[in-house]
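Here's the structure we're looking at; comments come further down.
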Amino acid sequence: MLILLPAALFLAPRLQNVRAADILCRAPAHPLGAAVFLLALYAGKGLSFFLPLAVLEAASGLLFPMPWALALNTLGIACATSLPFFLGRRGRSRADALLRRFPKLRRVRELRAQSGDFLCVLLVRLAGGLPCDAVSLTLGAAGLDFRRYLLGGLLGMTPHMIAATVLGAALCDPGSQAFFISLAVNAAISVAALAVWRVRSLRRAAGRRPPD
């Protein structure tokens, strides 16, 4: 990851409005070069709020056979979520500024108090909806154990990653069954995770309510 950091610093300001097709056009022809290029983009995404992870995951599905694309995306997600986590550890002021900018991030801290580190990260990543980098910075500043953070994050983001990778591979045929299945699975996972999060929040609120 340290090897990719200089590339991340260079690429982060240049990632706004990048599309999967742009990555496909600029990726080296050699598979190893293309893999390093994509990982550098993942590292840059970890320092930038502009590029959605789904764009990189879809680009990987376009560039590589499915098993390689999934493995590369898993490694890329680990890199993209680790960099802002450690930035949050070192700069609590950044996390405070994000809480003012995104008040919904306070719910992440509440969920941690309810569920613990691992389950908190798992549910937040499954649900999606909040900016990935902002969540990583917030959780880093909150002092989560990195191993639990990384494991919960990878498990929570894997279903979305698989769906986006399949979606990318199916972009050449947007009418295919795989295209629509990937969209439906992605939406279903988010709805289910949000429902679990909501139920846990309601139960905690009921537990705090004073008896009549």
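Scan the stretch 162-176 and tell me whether some residue there is at pLDDT 80 or above, surrounded by fewer than 21 Cβ atoms within 10 Å (Cβ to Cβ), out of contact with any Cys (no Cβ under 8 Å at 6 or more places or on another chain) and not β-branched (Val, Ile, Thr).
no
Taking residue 99, is it in a helix (DSSP H, G or I) and either farther than 11 Å from residue 38 by Cα or out of contact with any helix residue (DSSP H, G or I) (no Cβ under 8 Å at 6 or more places or on another chain) (or both)?
Considered against the rule, which asks whether it is in a helix (DSSP H, G or I) and either farther than 11 Å from residue 38 by Cα or out of contact with any helix residue (DSSP H, G or I) (no Cβ under 8 Å at 6 or more places or on another chain) (or both), residue 99 comes out as yes.
Yes or no, residue by residue, for (1) modelled with pLDDT of 85 or more; (2) outside any helix (DSSP H, G or I); (3) touching an Asp or Glu at 6+ places or on another chain (Cβ under 8 Å):
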position	(1), (2), (3)
149	yes, no, yes
152	yes, no, yes
179	no, no, yes
188	no, no, no
200	no, no, no
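(1) without any contact (Cβ under 8 Å) to a residue 24 or more places away in the chain; (2) over 22 Å from residue 142 (Cβ atoms): which one isn't true of residue 100, the others all being true?
It fails just one condition, (2).
Tell me whether the stretch 123-133 contains one or more residues that are assigned to a helix (DSSP H, G or I), closer than 18 Å to residue 43 by Cβ and at pLDDT 90 or above.
No, the conditions are met nowhere in the stretch 123-133.
Restricting the first residue to the stretch 25-37 and requiring it to be free of Cβ contacts under 8 Å to residues at least 60 places away in the same chain and small (Gly, Ala, Ser), which pairs with a second residue that is in a helix (DSSP H, G or I) and exposed (fewer than 13 other Cβ atoms within 10 Å of the Cβ) meet a Cβ separation below 7 Å and a spacing of at least six or different chains?
none
The values are calculated or read from the model by the stated rules, or taken from the named source; none is laboratory data. Just so it is clear, the model here is predicted, and its values are computed rather than measured. Note that each Cβ is placed from the backbone with ideal geometry, even for glycine, and that neighbours are counted across all protein chains shown.
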